[in-house]
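K.L.:
Please read through the structure below; I'll follow up with questions.
Throughout, read-outs are computed from the coordinates displayed, never taken from laboratory work. Worth saying up front: this structure is predicted, and the values here are computed from it rather than measured. Here the Cβ positions follow ideal geometry from the backbone for every residue, glycine too, while neighbour counts run over all protein chains shown.
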Amino acid sequence: MLDRWFRLRENGTTVTTELLAGLTTFLTMAYIIVLQPMVLSGRLTGKESLGMDFGAVMSATCLAAAGATIIMGLWAKYPIALAPGMGENFLFMGSLVPAAATWIATEVAAERLSPDSAQPWQIALGVIFYSGILFLGLSLLGVRERLLEAVSPSMRNAMAAGIGLFIALLGLQGASIIVGTPDQIIKLSPRLASPDIVVFFVGFLVTAGLYGRRTPGSIVLGVLAATATAWLLRLTIPHLPALAELPAVSQSKLMTQFAPAEAVVSLPPSLMPTLGRMDLWLSLALPFLPYILIFLFMDLFDTLGTLVGVGEQAGLIREGKLPRAKQALSADALGTVLGAAMGTSTVTSFIESAAGVDQGGRTGLTALTTAALFLVAPFFGPIVQMIGSYPPLTSAALLVVGSMMLRNVLKIEWNNPAESLPAFITMVGIVFSYSIADGLALGFICYPFVKLLAGQGRDVRPLMYGLAAVLIAYLLAVKSYTG
């Protein structure tokens, strides 16, 4: 039955491979289960007075991720998992919620609203809901599908390579190998004796060695090796006072963030504090309309980048097209609508899905496996929080996957500057802007105009010119508006 529905043999995969790939994807994105409620509750941004219930957001995150990923797996049949997106969650809590709080205070002072009319986060959830509805409409009308098909092969491969570099950077930062300072954006950490780096390198060497031997499950085994190392170091270091007092050790993530799980299972937190609490009326007020467009654009280009990047890596793109693109894009939009109703920010396709693809995942069975793990994750909160709250455990996986995605750079048409230069802008834009969406915007703006000035304008579909104009307006107006 599984073979008939997902066409496993046709895609060169097996049930075992798909299950392992789904587990790999889940482990590399499990951090969102902890990080998302930390952001939306205000604990991470210092805005707890405006934040949401931590436990409810955690449950909403798991359920929304599972629901959207099930739709992706059963309908689109792609090995791509979804969850609340990074970037969108910080914009939600760092900009939209404070803006809603200010607007509510102004309206209450002018006696146009009662003090208990709405919470700022309820208005923010309404904004997310409407952005998801617009996103779904564009998907069903085929606008996003046509956009996906209008992207040239060089640009598609540049997107995959750029994302590979980006997630590799995330891995190095998570392992505390690359750090930032007020004087330098990024640099090599001066604390190379940190136990975080030891944990990372154990995970990396195990993963790389097993991957080099083509051992199934190499990424999962690398995560388990890193977890065992972290557990051992965390229990041992406190008994070595001379070592524990070193700044590189005492201030490490291992000593300040990682805590061995004291239990395996626990009751999941209640969803009721956020379920159905979005405000669909006040979120349509004029000051929030730009935010609806902002979240629409962010979701559009995050999804586009992930689908193309993972699609190229998995060999899913055929003759320049992604089969069942409408279903995949609609699954993403439905995830955002579902997430807003449950109580979490924009749900989008996760680039960490590339880790599962790298382990052999090729069908929706991979996605269903990841979804099932998201459903049971709230019951295994102690274990999930232990892995998800300590980035060095999964940093090696991101680095290995990033290296695999970078192979797409070989498929760029380097002997044609009109193709290679916009592709290069896309790659570096993703990394240096620290945003997939912004990097794609820079590349898509450059591409049609460079092609036109190089006398190759007829190679560009009209939709790309219109998109470039919209993106220029987006960067000058909307992006500037949000800082």
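K.L.:
Using DSSP to call loops (not H, G, I, E or B), can you name the trypsin sites (Lys or Arg not before Pro) in the stretch 124-220 whose Cβ has at most 10 other Cβ atoms within 10 angstrom?
P.N.:
Values: sites: ARG144, ARG146, ARG156, LYS187, ARG191, ARG213, ARG214; in loops: ARG191, ARG213, ARG214.
Loop-located and lightly packed - ARG213, ARG214.
K.L.:
Here's another thing I want to ask about it. Going 7 Å from the Cα of GLN257 along its beta-carbon direction, which residues of the stretch 372-403 have the amide nitrogen within less than 19 Å of the resulting point?
P.N.:
Once the point is set 7 Å along Cα→Cβ of GLN257, 381-402 turn out to lie under 19 Å by backbone N, inside the stretch 372-403.
K.L.:
Using the Karplus curve 6.51 cos²θ - 1.76 cosθ + 1.60 with θ = phi - 60°, work out ³J(HN,Hα) for each residue of the stretch 351-365 in order, rounded to whole Hz, and write x for Gly and Pro.
P.N.:
Whole-Hz 3J(HN,Hα) from phi for the stretch 351-365: 5, 5, 4, 4, 5, x, 4, 5, 8, x, x, 9, 9, x, 5.
K.L.:
By what distance, in whole Å, do the Cα atoms of the stretch 2-412 stretch along each of the three principal axes, largest value first?
P.N.:
Result for the stretch 2-412: principal-axis Cα extents of 64, 58, 45 Å.
K.L.:
Grab the Cα-Cα distance for ARG407 and ILE472, subtract it from 0.36 nm times how many residues apart they are, and report the gain in nm with one decimal.
P.N.:
Using 0.36 nm per residue and subtracting the Cα-Cα distance, I get 20.4 nm.
K.L.:
With an 8 Å cut-off on Cα pairs and a minimum separation of 6 or more residues, tell me the relative contact order of the chain in percent.
P.N.:
33 percent
K.L.:
A further question on this structure: Is there a pair in LYS77/LYS253; LYS321/LYS451; LYS411/LYS451; LYS321/LYS411; LYS77/LYS451; LYS326/LYS451 whose C-alpha atoms are over 26 Å apart, and which pairs would that be?
P.N.:
The answer is LYS77/LYS253; LYS77/LYS451; LYS326/LYS451.
K.L.:
What ³J(HN,Hα) values, in whole Hz, does the Karplus curve 6.51 cos²θ - 1.76 cosθ + 1.60 give for the stretch 5-13 when θ = phi - 60°, with x put for Gly and Pro?
P.N.:
Couplings: 6, 9, 6, 4, 5, 4, 8, x, 9 Hz.
K.L.:
Further question: Amide H neighbours of GLU413 under 5 Å, counting only residues 5+ apart in sequence or on other chains, H built in-plane at 1.01 Å?
P.N.:
Here the answer is SER154, since their amide H atoms fall under 5 Å of that of GLU413.
K.L.:
Can you quote the Å³ per residue value for the convex hull of the Cα atoms in the stretch 413-483, rounded to an integer?
P.N.:
So the per-residue hull volume is 79 Å³.
K.L.:
Something else about it: Pull up all non-local amide H partners of THR348: gap of 5 or more, or a different chain, and H-to-H distance under 5 Å with H placed in the peptide plane.
P.N.:
Result for THR348 returns ALA83, GLY85.
K.L.:
Here's another thing I want to ask about it. Using Cβ contacts closer than 10 Å as the measure, can you line up ASP3, ASP299 from fewest to most?
P.N.:
So the ranking, lowest neighbour count to highest, is ASP3, ASP299.
K.L.:
Give a residue-ordered list of calculated ³J(HN,Hα) values for the stretch 337-343 (Karplus: 6.51 cos²θ - 1.76 cosθ + 1.60, θ = phi - 60°; whole Hz; x for Gly, Pro).
P.N.:
For the stretch 337-343, the Karplus-derived couplings read 4, 5, x, 4, 5, 7, x Hz, x marking Gly and Pro.
K.L.:
Under 5 Å between amide H atoms, partner at least 5 residues away or on a different chain: which partners does ILE178 have, H built in plane at 1.01 Å?
P.N.:
GLN173, SER189
K.L.:
Please work out the C-alpha center-to-center distance from the stretch 254-325 to the stretch 115-144 and express it in whole Å.
P.N.:
Each part reduced to its Cα centre gives a spacing of 13 Å.
K.L.:
Here is a follow-up. Going highest first, how would you order 312-318, 422-428 by mean Cβ packing within 10 Å?
P.N.:
Taking the mean over residues of other Cβ atoms within 10 Å, the ranking is 422-428, 312-318.
K.L.:
Continuing with the same structure: What's the exposure ranking of PHE26, PHE129, going from fewest to most Cβ atoms within 10 Å? Display every interim value, and only then the final one.
P.N.:
On the way: PHE26 28, PHE129 20.
Sorted ascending by nearby Cβ count, the order is PHE129, PHE26.
K.L.:
I need to check one value: relative contact order of the stretch 233-362, counting alpha carbon pairs closer than 8 Å and at least 6 residues apart, in percent.
P.N.:
26 percent
K.L.:
Can you sort CYS446, CYS62 from fewest to most other Cβ atoms within 10 Å of each residue's own Cβ? Don't jump to the answer; show the numbers that get you there.
P.N.:
Numbers: CYS446 19, CYS62 29.
Exposure proxy ranking, most exposed first: CYS446, CYS62.
K.L.:
For the stretch 246-306, state which chymotrypsin sites (Phe, Trp or Tyr not before Pro) are in a DSSP loop and have at most 11 other beta carbons lying within 10 Å of their beta carbon.
P.N.:
Answer by residue number: TRP281.
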